[in-house]
Amino acid sequence: MAYPRAFFTRLAQIVGLSVALAACAPIERNHGFAPTDDELSQIVVGVDTRDSVAETVGAPSAAGVMRDTAWYYVSSAWTTVAYRAPEETDRQVVAISFDEGGTVRNIERFGLEDGRVITLNRRVTESNVKGISFVRQLLGNIGNFSAADALGD
């Protein structure tokens with residue numbers, strides 16, 4: 001039995017429309033981990049320590065800068081639709097700070113609405129060797145020193 005040409009045309013249209021609709025479906029991605037409010041309610045400020053927090057909610061992937069005075073748990077959700085750039089739809093940052101003895105001092109949760117855009121200041125020293133290759137710079141230093149420079153006299 002032969003199918004009419006209109007059948008194949010209609011089938012191609014249905015397949016094409018299905019592929020186009022599937023391509024526009026949003027893609028959801030989740031990154032990181034932030035403890036839930038139920039998990040955080042098990043931590044008692046002034047009583048729990050780093051070890052008990054690690055047992056309750058796990059150790060974080062980021063700690064305070066230069067000192068271990070705080071633990072940060074960060075999670076974010078991203079949505080990508082079709083050809084557009086990914087957009088961050090949710091961010092949770094849980095900060096658990098500790099005193100000098102390692103006891104929990106404070107627990108805070110920050111969301112995407114609490115974030116601020118920070119302008120980076122790029123202070124880069126300009127190179128004064130434009131147009132000179134590395135080899136030429138290296139060979140250019142031959143003969144530009146004396147024995148007194150090498151001996152420190």
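Read-outs throughout are calculated quantities, based only on the coordinates presented, and are distinct from any laboratory measurement. What you are looking at is a predicted structure, and each value in this text was computed from that prediction instead of being measured. Methodologically, a virtual Cβ is constructed for each residue, glycine included, from the backbone with ideal geometry; neighbour enumeration extends over all protein chains shown.
Quick notes on this one:
- The listed residues are Val45, Val15, and the only one of them that is hydrophobic (A, V, I, L, M, F, W, C) and under 15 Å from Ile96 (Cβ atoms) turns out to be Val45.
- Condition broken by Val53, with the remaining ones in (1) within 26 Å of the chain's Cα centre (by Cα); (2) over 30 Å from Asp99 (Cα atoms); (3) not polar (S, T, N, Q) satisfied: (2)
- Criterion: among the aromatic types (Phe, Trp, Tyr) and under 30 Å from Ala77 (Cβ atoms) - qualifying residue of Phe7, Phe33: Phe33
- Test: residue in the range 32-53 that is among the basic types (Lys, Arg) and not in a loop (DSSP other than H, G, I, E, B): yes
- Among the conditions (1) more than 20 Å from Leu112 (Cα to Cα); (2) touching a residue at least 40 places away in the same chain (Cβ under 8 Å); (3) of a type in the set (A, V, I, L, M); (4) surrounded by 11 or more Cβ atoms within 10 Å (Cβ to Cβ), Ala59 misses just one, which is (2).
- Pairs are defined by a Cβ separation below 6 Å, a sequence spacing of at least 6 or placement on different chains, a first member in the range 3-30 that is without any contact (Cβ under 8 Å) to a residue 60 or more places away in the chain and assigned to a loop (DSSP other than H, G, I, E, B), and a second member that is surrounded by 10 or more Cβ atoms within 10 Å (Cβ to Cβ) and not small (Gly, Ala, Ser); the pairs so defined are Pro26/Thr79; Pro26/Val81.
- Qualifying positions in the range 66-100 - of a type outside the set (Phe, Trp, Tyr) and assigned to a loop (DSSP other than H, G, I, E, B): Met66, Arg67, Asp68, Thr69, Val81, Ala82, Arg84, Ala85, Pro86, Asp99, Glu100
- For Ala70, the criteria (1) of a type outside the set (Lys, Arg); (2) touching a residue at least 40 places away in the same chain (Cβ under 8 Å); (3) surrounded by 13 or more Cβ atoms within 10 Å (Cβ to Cβ) hold in every case but one, which is (2).
- Among residues that are touching an Asp or Glu at 6+ places or on another chain (Cβ under 7 Å) and surrounded by 13 or more Cβ atoms within 10 Å (Cβ to Cβ), Val81 is not included.
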